[in-house]
1. Would you point out the residue of region 128-141, among those that are hydrophobic (A, V, I, L, M, F, W, C) and more than 12 Å from L174 (Cα to Cα), that is surrounded by the fewest Cβ atoms within 10 Å (Cβ to Cβ)?
2. I'm checking my understanding of the structure. Among residues of region 81-109 that are part of a strand (DSSP E or B) and either surrounded by fewer than 19 Cβ atoms within 10 Å (Cβ to Cβ) or among the small types (G, A, S) (or both), which one is farthest from the ligand (Cβ to nearest atom)?
3. Does any residue in region 140-152 that is β-branched (V, I, T) come within less than 9 Å, Cβ to Cβ, of a residue that is open to solvent by less than 80 Å² (accessible area, probe 1.4 Å) six or more places away or on a different chain, and which pairs are these?
4. Determine which single condition G124 fails, assuming it passes every other condition in (1) at positive phi; (2) modelled with pLDDT under 95; (3) within 13 Å of the ligand (Cβ to nearest atom).
5. Look at region 47-77 and say how many of its residues are open to solvent by 10 Å² or more (accessible area, probe 1.4 Å), out of contact with any Phe, Trp or Tyr (no Cβ under 8 Å at 6 or more places or on another chain) and either hydrophobic (A, V, I, L, M, F, W, C) or in a helix (DSSP H, G or I) (or both).
6. For region 168-202, give me each residue that is more than 15 Å from the ligand (Cβ to nearest atom) and either without any contact (Cβ under 8 Å) to a residue 24 or more places away in the chain or of a type in the set (A, V, I, L, M, F, W, C) (or both).
Amino acid sequence: MKSKSKQKTSIMKIAENETHIWFTYDEEINHDFALNNYVPFLSHQELEQYQKLYFDKRKHQYLVTRMLVRNVLSRYLKGIPAEDIEFITNDHKKPYVLPEQLVLPLQFNISHTEKMIVIAVSVGIEIGIDVEYLDRNNSAFEIAERFFAENEYQYLKALPDDQQKQRFFSLWTLKEAYIKACGKGLYIPLDEFCFSYPSFNTIDINFSTYRHDDPTNWQFWQIQPSKQHLVSLAVKQSEQHPQNLIMYKTTHLLGSEVVSYPVVASKC
Ligand SMILES: CC(C)(COP(=O)(O)OP(=O)(O)OC[C@H]1O[C@@H](n2cnc3c(N)ncnc32)[C@H](O)[C@@H]1OP(=O)(O)O)[C@@H](O)C(=O)NCCC(=O)NCCS
């Protein structure tokens, strides 16, 4: 039996026309503190997963992610302690809070990368979020040629060298955010939808005839919380409630501050 005291969290309000993003730099949370205080709150399944991880850095991020998502959601689900929240997943592994625990139709999505964890939260609206670490090398052109829409690949190839990497990650995160909002992950072929930039800081999306979707269904934001990180958020549009974005940063799990990281591009 685990020994733990119930986690007390402050209450957060969220309106139907709001999407919240929570940013955490996991390295700002002390490793020993996380080890001593968070492990007891893991479910059996989470603990098994945690024990299978080999590298300390991965273990730390896993632990902080699990605590963060429980802690953040508990703030909205008034009265449900963080450790009691239960999750289910759809057929493509997108997690949701157990419907019986929802006092409001909360939706969330998680993404993590080197040094950063992000969680997006909305009410009754499907959302997807992706964060990528810009200081890593990858075979951008090979990935784009193989998986992206033809127009996206041609667009990247035509860019000046110094813009290619940033735009590659821009497209990558937007595509990930969209497939995560749809809840189907890579089951959706990445060339069935195509992002473009009508001006430097605006985003557009078009769909191939195979993908039955409509650009007017979607809002997107791209945020740059640090020089090394790029975040894209996809929100299924509601005619009654176009979404406003509110950003929070949390360094320890009981506190948070509103932040205004630069929104570098959007489609609203
Ligand atoms: C979920 C997926 C879409 C993204 O995974 P990822 O980019 O590796 O990882 P992220 O950190 O952004 O997201 C992982 C989180 O997404 C959530 N998730 C898992 N499946 C999901 C799905 N089908 N839809 C939405 N969210 C999902 C989970 O909460 C997961 O975090 P957790 O395991 O800590 O709970 C996955 O299908 C995948 O494997 N992607 C491969 C990445 C790639 O090659 N992309 C091509 C470039 S465009």
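The values are calculated or read from the model by the stated rules, or taken from the named source; none is laboratory data. Predicted model, so just to flag it, every value in this text is computed and none were measured. Don't worry about glycine lacking a Cβ; one is built from the backbone with ideal geometry, like all the others, and counts go over all protein chains shown. Ligands, DNA and RNA are stripped out before the accessible areas are found, and what is left, the full protein with its side chains, is counted by its heavy atoms. Shrake-Rupley method; radii C 1.70, N 1.55, O 1.52, S 1.80 Å.
1. If we filter region 128-141 for residues that are hydrophobic (A, V, I, L, M, F, W, C), which is where we start, we get 129, 131, 134, 140-141.
When the remaining residues are screened for being more than 12 Å from L174 (Cα to Cα), the result is 134, 140-141.
Numbers: L134: 18, A140: 17, F141: 14.
Ranking the candidates gives F141 first.
2. Quick first cut of region 81-109, residues part of a strand (DSSP E or B) only: 87-89, 95-97, 106-109.
Next, only the ones that are either surrounded by fewer than 19 Cβ atoms within 10 Å (Cβ to Cβ) or among the small types (G, A, S) (or both) stay: 87-89, 95-96, 106.
Values: F87: 8, I88: 12, T89: 7, P95: 5, Y96: 10, L106: 14 Å.
The residue in question is L106.
3. Sorted first by the residue in region 140-152, then by its partner, the pairs are I143/F168; I143/W172.
4. (3)
5. 10
6. Restricting attention to region 168-202, the residues satisfying the condition of being more than 15 Å from the ligand (Cβ to nearest atom) are 196-202.
Residues satisfying the conditions are P198, S199, F200.
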